[in-house]
1. Show me the ranking of peptides 238-249, 406-417, 155-166 by mean Cβ neighbours inside 10 Å, starting with the highest.
2. Using a basic spin-label model with each label point 7 Å from the Cα along Cα→Cβ, how many nm lie between residue 236 and residue 190?
3. For a quick check: with amide H placed at 1.01 Å from N, whose amide H comes under 5 Å from residue 242's, ignoring anything fewer than 5 positions away on the same chain?
4. Please report the spacing between the Cα centers of the stretch 224-284 and the stretch 383-401 in Å, no decimals.
5. Estimate the FRET efficiency between residue 403 and residue 269 by the formula 1/(1 + (r/R0)^6), using the beta-carbon distance for r and 35 Å for R0, to the nearest 0.05.
6. Need the full-extension length gain, residue 365 to residue 173, defined as separation in residues times 0.36 nm minus the C-alpha distance. One decimal, nm.
7. Sticking with the crude label model, points 7 Å out along Cα→Cβ, report the distance from residue 303 to residue 256 in nm, one decimal please.
8. So if we plug the beta-carbon distance of residue 227 and residue 431 into 1/(1 + (r/R0)^6) with R0 = 60 Å, what FRET efficiency do we get, rounded to 0.05?
Amino acid sequence: MLAFAWSVGRLRPDVAFAPVSVAERLVRLAPGDTATLAIESLGKLVSQLLELGVITAFVAVGSCTPSCSTGSGPHSRGPRTRARRRALTVAGTSAPASRPSGMGPRQPARVRARTEHRDTAAAPVAAVRAPRGLAPCRCRAHPDITSVEDHYVVDIDLRDPIVEADEWRLSVRGLVERPLELGFAEMQSRFEVIEEVSVLTCISNEVGGELVANSAWSGVRLADVLRAAGTGAGATDVVFGCADGYDVSIALGRALEPSSLLALRHNGLPLTQEHGFPCRVRVPSLYGMMNPKWVTSIQVIGSGRRGYWAKRGWTDIGEVGTQSRIDTRGPAKAGTPTWVGGVAWAGARRISGVEVSFDGGRSWREARRGRPAGQAAWTRWAIEWTPDRPGVVRVRCRAIDGTGRRQDAKRRRPHPDGATGFHAVDIEVRR
């Protein structure tokens, strides 16, 4: 019956798989310290292991033999077993799509297949800019634009909510002079639709990790919507509510930054379900957990309110740190020039320099930088290097942001406010 229910769920996304609903409820009830410890210890395996455990429990209960019941004779055991299996059947096949949302982290390497949805009202936007080269570097580095398929996905759900564009509404309430209720088409006709190329990175990304991407996001300025509502006296924060139950608050000043968007399209296409269709928040100066998906409400408030992850011990500020990463290096041979390259980012602060060390940090050389695709986009960098002897060389990189501040050298784990430290790789130099 579980296999049948799973098959139905694959064919009908509006029918939830009962073990997943139970797993999500368990995660919602888990204490914050427990959730954080599980994330730090197991990372992306947390949700998979929890789901597997619940499915195993369902199978164990459903296949329990009559001897498991407490009755003393066959007549007392049989009805109890049948009733239990009937309950399992009903739960496994008829769980509603409006199931309570869970809070487990999910970090698949690639996005899943897009759920079909209507997008007839989406306004056209300019084509994604072509990647800019980094002459004369001949090494293969990450492109300027991360494809939707290669963009990382992290959220609190084991199964994403399904929101239709024609049914979606965004409410703007709280300390505002003119409360708003915006539909998908109305928001695009009332406000200018713009495109911003920017970095999105997860706060749980390790130094040198892959939970970072650089994409073109188009939508309306969050500031335009807030100004239309008219923020009232004493307003200091903005709280976003989402279709999956997630909530997060950011400072009003961050919401009013010109690069902050209510995003509707991703690389020129409608948002996928995994990335928050029909609408998500994009604030390039803040980590991904402050950029909620499936947004349904905006509330302007007068005092700070901790969001979902802040209640579980993570930062409630979430400003992106300055980071750099080594992505590629050419074949290394003593006495022969080779290239080392990568990317660097600093939220909305730009990158003003990247430095590389080949001698354990005793000296640093400035790398060449490509022209970024936007104010908040990542910067590609590369440096030519001629090793003087064979052996293993540890290469380190560090970035300098637009304010002139160098990347933090101290190595720290992501919890509670983002990882710090220099990324390093070992390169074997041949004779």
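1. Those peptides, ordered most packed to least, come out 238-249, 155-166, 406-417.
2. About 2.8 nm separates the two model spin labels.
3. Correct list: 296.
4. The distance from the Cα centre of the stretch 224-284 to that of the stretch 383-401 comes to 40 Å.
5. 0.55
6. Gain in length upon complete extension: 64.0 nm.
7. 2.2
8. Approximately 0.40, to the nearest 0.05.
Values in this text are rule-based calculations from the coordinates and carry no lab data. Nothing here was measured: the structure is a model prediction, and the numbers come from that model. Methodologically, a virtual Cβ is constructed for each residue, glycine included, from the backbone with ideal geometry; neighbour enumeration extends over all protein chains shown.
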